[in-house]
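Worksheet: the structure to be examined is printed underneath.
The values are calculated or read from the model by the stated rules, or taken from the named source; none is laboratory data. What you see is a predicted model; the values in this text were computed from it and never measured. Note: ideal-geometry Cβ built from the backbone for every residue, glycine included; neighbour counts use all protein chains shown. We work out accessible area using only protein heavy atoms, side chains counted, and drop any ligands, DNA or RNA first. Shrake-Rupley method; radii C 1.70, N 1.55, O 1.52, S 1.80 Å.
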Amino acid sequence: MKAYDIVIIGGGPAGLAAAVSARKAGVDKILILERDKELGGILNQCIHNGFGLHTFKEELTGPEYAQRFIDQVLEAKIEYKLNTMVMDISYDRVVTAMSREDGMYQIKAGAVILAMGCRERPRGALNIPGYRPAGIFSAGTAQRLVNMEGYMPGREVVILGSGDIGLIMARRMTLEGAKVKVVAELMPYSGGLKRNIVQCLDDFGIPLKLSHTVVDIEGKEHLTAVTIAEVDDKMKPIPGTEERYTCDTLLLSCGLIPENELSRNAGVEMSPVTSGPVVNESLETNIPGVFACGNVLHVHDLVDYVSEEATRAGANAAKFVKDGEKEKGKVVELFATEGARYTVPSTIDVDRMDDLLTVRFRVGAVYKNSFVSVYFDDKRVMHNQKRIMAPGEMEQVILQKSKLKEAGDLKKITIKIESE
Amino acid sequence: MEKRELTCIGCPMGCQITVEMEDGEVLSVKGNTCAIGDKYARNEVTHPERTVTSTAVILGGDKPRVSVKTASNIPKDKIFECMKEIDKAAVKAPVHIGDVVVKNVAGTGVDVVATREVAAL
């Protein structure tokens, strides 16, 4: 069996940054396994700009951002395998992979970094009534067809869901000559960035209908029309509010789900809130030596944060390879309540944590002029006012190791949103 | 006097801004809650600009399309003219990031450049 110090599952933004970071930390034998025919992951189809403001202090398109990291991987001569599907990861870190070129093979990994990204929520998970004709795509599938393959899925478009990919595709289809008739959003607010609502919808006069959903799909062979209706505060369609739109294309932009089939089979403990692994301060799962970063861990809105998180995962995996499994020190648990939905990480080993640790979380609703509060056991230690917090924007607090040390027999840290 | 309604893109607040104008001059900006909103609104009503991103035909490349962008912002009302010129363009592989695909697009003085590496087949 082949052996590598670190095997990285996925060659997108998370996998690339993790690999570069592990190499910088002095790890020699690193292997990236990528399912697609090229490195870069989903960034390759995100041809719009706005990437990299934090990392590179300039606005790049997706392919340009990816290339910056691909160049670093090539320069560091990090090994990678394309067109390679990982079939299994075992508890003792044996990775089973296959490709047309190499057949099926196994690799013994000193450490594994999970960087498989996420998937779009499909129609089957949305309970939309009606026929099942051709012409219904997830927004990301349409994005790949238009931007990478050079095909237009259709000419008259309705979009369900106002996530950023849906908004970006509304503009993209319009620029390529399609008529985008309406964007319907189930929630009373959009999960997309304001900039995208203005520059992708308002610029082209595309209406955004909040608290609306699709209630009927027509067409036997190919889509011919959809009907949308307003929903009440329990998300139930209100009779009499139906509007019918003739169209040949329905795009779905209804949320992303971390892709954790491999993680689950390996025995990785999962968070029911994020659908990603439960990790400690080192971004390590419950399986020693198995780390996670990027959208497989929790869905991010900015790739810059993915790169930053993956850089930490790479450095921590390198530490694990060099020092071996360390005995656990004092572990503090993190809790998210009252408005905060989850935290990444979920636990902190105070002895192992860096001097400064970024804890990321999301809120469950829109909060204006509210406070992010951090409690050490029952004592409030942080109380920062924010003008606005929204479910679509990831929030963070930074914890200091010295403060956790000072807190003595600290058992739990709680993050909550308070009105005063 | 003309009134323009805008949504600020500076942050998730998304302030609804009202700009009052006369003869192309901004008279007042209202509804914003910080300086970013004021600046955004003044730019947006006097000379709105956007970066355009799309894809172009590539001949003899290892990919069906090459992604492109305007090297800097162009006036918003030139977006569709810019798209027409990108649609007419065809470049030969290999192409590197930053290579010019359309020069001086729609007379804006801005070039359209490649944003992806495409090798020759």
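Of note:
- Available extension along the chain between A:Met270 and A:Lys368 is 32.2 nm, counting 0.36 nm per residue and deducting the alpha carbon span.
- Average accessible area per residue (Å²) across region A:322-368 - probe 1.4 Å, nucleic acids and ligands excluded: 53
- Charge dipole of region A:146-190 (Cα centre as origin; +1 on each Lys and Arg Cβ, -1 on each Asp and Glu Cβ, all else neutral): 160 debye, rounded to the nearest 20.
- For region B:82-117 versus region A:366-420, the spacing of their alpha-carbon centroids is 48 Å.
- Take the Cβ atoms of A:Arg380 and B:Thr46, set R0 to 51 Å, and the FRET efficiency comes out at 0.60.
- Cβ-defined net charge surrounding A:Thr96, 15 Å radius [Lys, Arg +1; Asp, Glu -1]: +1
- Principal-axis tilt of helix B:35-46 within chain B, Cα atoms, nearest 10 degrees: 70
- DSSP assigns beta bridges within chain A; of those with both partners inside it, close to 60 percent run antiparallel.
- When the protein assembly as shown is described by a simple charge dipole with +1 on each Lys and Arg Cβ and -1 on each Asp and Glu Cβ, the residue from A:Leu251, B:Val102, A:Gly124 located farthest towards its positive end is A:Gly124.
- If you take all other residues with their beta carbon under 9 Å from the beta carbon of A:Gly110, and give Lys and Arg +1 and Asp and Glu -1, the sum is +2.
- Of the residues A:Leu175, A:Leu74, ranked by 1.4 Å probe accessible area with the largest first, the sequence reads A:Leu74, A:Leu175.
- Prolate/oblate/rounded call for chain A, Cα gyration tensor, a/c under 1.5 rounded: oblate
- Euclidean distance of C-alpha centroids, region A:159-197 and region A:47-82, integer Å: 26
- Förster-model FRET efficiency, 22 Å R0, A:Asp233 and A:Arg341, C-beta, rounded to 0.05: 0.65
- Shape call, region A:193-246: gyration tensor on alpha carbons, a/c limit 1.5: oblate
- Of the trypsin sites (Lys or Arg not before Pro) found in region A:60-116, the ones in coil according to DSSP and having at most 15 other Cβ atoms within 10 Å of their Cβ are A:Lys77, A:Arg100.
- Taking the square roots of five times each eigenvalue of the Cα gyration tensor of region A:234-332, the equivalent ellipsoid has semi-axes of 40, 15, 12 Å, listed largest first.
- Interface area, B with A, accessible, probe 1.4 Å, both sides summed, Å² nearest 100: 2600
- Net dipole in debye of region A:147-278 [+1 Lys, Arg Cβ; -1 Asp, Glu Cβ; about Cα centre; nearest 20]: 220
- Extending 7 Å from the Cα toward the beta-carbon at both A:Glu218 and A:Glu325 defines two label points whose distance is 6.2 nm.
- Carbon + sulfur, % of accessible area of region A:305-392 - ligands and nucleic acids excluded, 1.4 Å: 47
- Virtual spin-label span in nm between A:Thr96 and A:Asp71, 7 Å along Cα→Cβ: 4.1
- In region B:1-24, the residues that give up 30 Å² or more of accessible area when the other protein chains are added, compared with the chain on its own (1.4 Å probe), are B:Thr7, B:Ile9, B:Pro12, B:Met13.
- Of the complete DSSP H runs in chain A, those spanning 15 angstrom or more by Cα along the long axis with a mean Kyte-Doolittle score not below -0.5 are A:13-24, A:164-175, A:303-323.
- Against chain B, whose longest principal axis comes from its Cα atoms, helix B:79-88 is set at around 0 degrees.
- Positive-end residue of A:Val296, A:Ser370, A:Leu334, charge dipole of region A:289-420 with Cβ unit charges: A:Ser370
- Checking the Cα-Cα distances for A:Lys37/A:Lys179; B:Lys63/B:Lys88; A:Lys179/B:Lys30; A:Lys24/A:Lys81; A:Lys77/A:Lys328 against a 25 Å cut-off, the pairs over it are A:Lys37/A:Lys179; A:Lys179/B:Lys30; A:Lys77/A:Lys328.
- Debye, to nearest 20: dipole size of region A:330-420, +1 on Lys, Arg Cβ, -1 on Asp, Glu Cβ: 180
- For region A:149-227, the antiparallel share of DSSP beta bridges with both residues in that region comes to about 25%.
- Structure remark: mean-square fluctuation, Gaussian network model of chain B, C-alpha springs under 10 Å; the largest value among B:Val19, B:Val101, B:Val68 belongs to B:Val19.
- Given charges at Cβ of Lys, Arg, Asp, Glu: region A:274-420 dipole, positive-most of A:Ile287, A:Ile398, A:Gly314: A:Ile398
- Helix-only CD estimate at 222 nm, as mean residue ellipticity for chain A, using -39500 (n - 2.57) per DSSP H run (n ≥ 4): -5500 deg cm²/dmol
- Region A:11-138 shape via C-alpha gyration tensor axes, a/c threshold 1.5: oblate
- Across the accessible surface of region A:185-247, with the other protein chains kept in place and a 1.4 Å probe, carbon and sulfur atoms take up 53 percent.
- Percent accessible area from carbon and sulfur atoms, chain B, protein chains only, probe 1.4 Å: 51
- Other residues within the sphere of radius under 13 Å centred on the Cβ of B:Glu81, judged by their own Cβ, net out at +2 (K and R +1, D and E -1).
- Of the three principal axes defined by the Cα atoms of chain B, the extents in descending order read 57, 30, 16 Å.
- Efficiency of FRET between B:Leu121 and A:Met104 - r from beta-carbon atoms, R0 25 angstrom, step 0.05: 0.25
- For trypsin sites (Lys or Arg not before Pro), no site in region A:334-374 is both called loop by DSSP and has at most 14 other Cβ atoms within 10 Å.
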